[in-house]
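The numbers here are math on the coordinates, done by the rules we state, and not lab data. Being a predicted model, the structure only gives us computed values, none of them experimental. Glycine gets a Cβ as well: all are built from the backbone with ideal geometry, and neighbour counts include every protein chain shown.
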Amino acid sequence: MLVYASRGDILLGRIDEVLVALRRVIRATDLHSRHLAKTTGLTAPQILLLQTIRDRGEVTIGELATDISLSQATVTTILDRLEKRGLVYRQRSNEDKRKVHAHLTADAQEILKNAPIPLQEQFTRQFGELQEWEQTMIISSLQRIAKMMDAEHIDASPVLDLGLLDRYENGRETEEGRQSRKDKRH
């Protein structure tokens, strides 16, 4: 006996598939963020910032902000926390006293040696291996989903992390991080 699914059933099944895929992306990001926090005590944006300082060498806060697509205010806040932990220090330029350069400490270099690869790097590598038409299709689909969820105007940086960009300090979640998680549950 053949059973035919109605058009409505097929649509509901497809909607479920989309929602499950979205949930998997969110969950993978959350799990990776927790793994980073557990192994390094840092958030993905903090590690990304440390890696950028390491890779660029002498770099200003403005250059860092541009490189990792975050505002200068956000980068400054993250640097403040990293400096409190003894992972970075800032120094005025010898050539131009208006410029301040961020530098890594030996502790930061050690953390980076042992830090897991950020999810963003893995994604970037695999996305770069796709054909151009596949990349365009993914971008278009995700932009459409953001629009369908009334999220296209939400300010977001291209950093794969959930919640506050800088919610860990000294390996512990900050009060802002705890409050953000509470707010999401309610």
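Annotations for the structure displayed:
- Cut-off under 5 Å, modelled amide H: who pairs with residue 88 long-range: 83, 105
- Summed side-chain charge close to residue 110 - residues other than residue 110 whose Cβ falls under 15 Å, Lys, Arg +1, Asp, Glu -1: +2
- Computed from the Cβ-Cβ distance with R0 of 30 Å, the FRET efficiency linking residue 19 to residue 125 stands at 0.65.
- Summarising the label geometry, the points placed 7 Å from Cα in the beta-carbon direction at residue 83 and residue 35 lie 3.3 nm from one another.
- Taking a point 7 Å out from the Cα of residue 26 in the direction of its Cβ, the residues of region 125-146 whose backbone N falls within less than 19 Å of it are 141-146.
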